[in-house]
Ligand SMILES: C[S@@+](CC[C@H](N)C(=O)[O-])C[C@H]1O[C@@H](n2cnc3c(N)ncnc32)[C@H](O)[C@@H]1O
């Protein structure tokens, strides 16, 4: 049911949605582990879509952790609020995360889980979103996103990783998660 909604939104807004299918449970679990969600006090998700990764974040949160999700697509926001009534979903760009952390009474977050389709964004938007992520994270905080095996060697993907290296103290890539369409790797970065 959510996969159908996802495809419909991909057809309507390919540049924002960026992939034809939601992430698999295996990919979602690796992103959550790489972002160190179970150790975090404050967690932010960028671009949850219909909630494939949100579904894995929620049971991994510490009981006292705070969690917000940033999603620009109004239809996805509706789905997320129906699926996960206990979480806070902001219908706004991930670039504005620092504003919502302040509302939460938190100066920084410890963990950012990103499902944003970086390959579809121009360099200016990538910079704005990554600068927002760095501002939002505490020193030592973790950022994790994923890239498809098909796009990993492409110059745009190499440039994206260089953008991360320019902003974070450490950047790494996991093994390939084959149980995803298409297979993907998680890219993680420590502030
Ligand atoms: C590839 S989908 C990922 C969905 C889900 N996280 C998953 O892994 O299946 C990308 C999502 O990012 C959202 N998005 C795109 N630009 C955004 C932005 N600037 N701020 C927040 N969400 C954004 C899209 O609406 C879409 O839901």
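Per residue, the chain reaches -11500 deg cm²/dmol at 222 nm when only DSSP H runs of four or more residues are counted, each adding -39500 (n - 2.57). Cα centroids of the range 27-48 and the range 161-191: 13 Å apart. One chain, two ends: residue 166 and residue 181. Fully extended at 0.36 nm per residue, the span grows by 2.4 nm beyond their Cα-Cα distance.
Applying 0.36 nm per residue to the separation of residue 39 and residue 88 and subtracting their alpha-carbon distance, the gain on full extension is 15.7 nm. The label point for residue 150 and the one for residue 173, both projected 7 Å from the Cα toward the Cβ, are 1.7 nm apart. Averaging the sequence gap over all C-alpha pairs within less than 8 Å and six or more residues apart, then dividing by the number of residues, gives the range 78-143 a relative contact order of 41 percent. The DSSP beta bridges internal to the chain are antiparallel in roughly 45% of cases. Starting from the Cα of residue 96, step 7 Å toward the Cβ, then list every residue of the range 28-44 with an amide N under 19 Å from that point. Counting only backbone N, you get 44.
Extending 7 Å from Cα along the Cβ direction at residue 138 and again at residue 107 yields two label points whose distance is 1.0 nm.
Here the peptides 150-162, 87-99, 119-131, 21-33 are ranked by packing, the mean other Cβ count within 10 Å, and the order with the highest first is 21-33, 87-99, 119-131, 150-162.
Normalising the average separation of contacting C-alpha pairs (under 8 angstrom, six or more residues apart) by the number of residues puts the relative contact order of the chain at 23 percent.
Quick note: the coordinates plus some simple rules give every number you see, no bench work behind them. These numbers were taken from a predicted model, which means no experiment stands behind them. Glycine gets a Cβ as well: all are built from the backbone with ideal geometry, and neighbour counts include every protein chain shown.
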